[in-house]
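The values are calculated or read from the model by the stated rules, or taken from the named source; none is laboratory data. These figures come from a predicted structure and were not determined experimentally. Neighbour counts run over all protein chains shown; Cβ positions are idealised from the backbone, glycine included.
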Amino acid sequence: MTRFPADASFADLVHDHRAALLSYTSRLTGGDRGRAEDVVQETFLRAWHHRDRLTPEQGSVHGWLRRVAHNLAVDGHRARRSRPLELELAAEHTEVATAPDHADAVSLTTVVEGMLGRIWPEHRAAVAEVYLRDRTCAQAAVALGIPEGTVKSRVHYALRSLRRQAECTELRGVSGG
């Protein structure tokens, strides 16, 4: 392994170690050349600030550079994992963003409310507790003041009725009626 002689210039250090360090950091960054170059640049910046440590008496210069580069690459990986992914917009997608169209949701809500209005009020209440308020059958039973088995039964019959309504609506839509 190469050692940095005490009387050599910093430019010689960079010249002697840059290619090997770039190859090493490219592997650490999964082949991302830009990130690898950033790691190498930061490594040499830290080397500049710690020139006094880069002597044969202190140990392998190449080993020190590799350890610093490794730590920087790992820190960069951890930092990217801890924040949301940043995406670049493609040129064709940089135009004015449009607001989402809520017409489908409003239409669906109207259809569902209409269908729920055609089932027994007791069944509608059970469906509302279980599906719209996201409660378990046990929680719905407590809220409605009825046994859990009754909630299950009412939900079962309500869903069966709603399914039939949906099939009839679909058939009328297909036949043009």
Can you tell which of E113, E88 is part of a helix (DSSP H, G or I) and modelled with pLDDT under 95? E113
Output the qualifying pairs, or none if there are none: Cβ atoms under 9 angstrom, residues six or more apart or on different chains, first residue in region 149-160 and under 10 Å from A126 (Cα atoms), second residue in a helix (DSSP H, G or I) and acidic (D, E). T150/E122; V151/E129; R154/E122; V155/E129; A158/E122
Complete set of residues in region 145-165 that are among the hydrophobic types (A, V, I, L, M, F, W, C) and part of a helix (DSSP H, G or I): V151, V155, A158, L159, L162
